[in-house]
Amino acid sequence: MATIDPVTYVVADAHTARLLRHEGPALHTIRHIATTEQFATTIAATLNHGVTDGTISRFVLAAPGHLLHAIRADLTAAAQDRLILAVSKELAQLPDHELIDHFDIPATGWP
């Protein structure tokens, strides 16, 4: 299935994180990040690496406020520049097909 939106969507909570892409009519998980002791740092490192290697061109980040703050604190300047939107909301437990309703897709900049 072709990706129609180059933006990576990241949803996280205290127990799980998923990276998703907009393919066809819905968002689909492309990667899971396992919970670690330094979970926010692990998520930020994944995003930093994706920006550096070019697999993440832009991204939206959704997480509860405390986790969102911790992730953003560990993002590199390059990754911060690629962050389109930060959503302080608990969305990680929703199935992929329900997530699209929680993002303002036009705000991500694709036609």
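The values are calculated or read from the model by the stated rules, or taken from the named source; none is laboratory data. Because the structure is predicted, anything quoted here is derived from the model rather than measured. Heads up, the Cβs are rebuilt from the backbone with ideal geometry, glycines too, and the neighbour counts pull from every protein chain shown.
What's the number of the condition Ile30 fails, among (1) out of contact with any helix residue (DSSP H, G or I) (no Cβ under 9 Å at 6 or more places or on another chain); (2) outside any strand (DSSP E or B)?
Among (1) out of contact with any helix residue (DSSP H, G or I) (no Cβ under 9 Å at 6 or more places or on another chain); (2) outside any strand (DSSP E or B), the lone unmet condition for Ile30 is (2).
Of the conditions (1) without any contact (Cβ under 8 Å) to a residue 12 or more places away in the chain; (2) outside any loop (DSSP other than H, G, I, E, B), Leu20 satisfies every one except a single condition; which number is it?
Looking at each condition in turn, Leu20 falls short on (1).
Tell me which helices (runs of 4 or more DSSP H) are completely within region 40-111 and hold 2 or more residues being at pLDDT 90 or above, or say none if there are none. Break it down into steps so the answer makes sense when it comes.
Numbers: elements: 65-73, 77-82, 96-99.
Fully inside region 40-111 and qualifying: 65-73, 77-82.
Just to be sure before I move on: is Ile4 modelled with pLDDT under 90, of a type in the set (Val, Ile, Thr) and not in a helix (DSSP H, G or I) in the structure I sent?
On the way: modelled with pLDDT under 90: yes; of a type in the set (Val, Ile, Thr): yes; not in a helix (DSSP H, G or I): yes.
Yes; evaluated as a whole, the condition is true for this residue.
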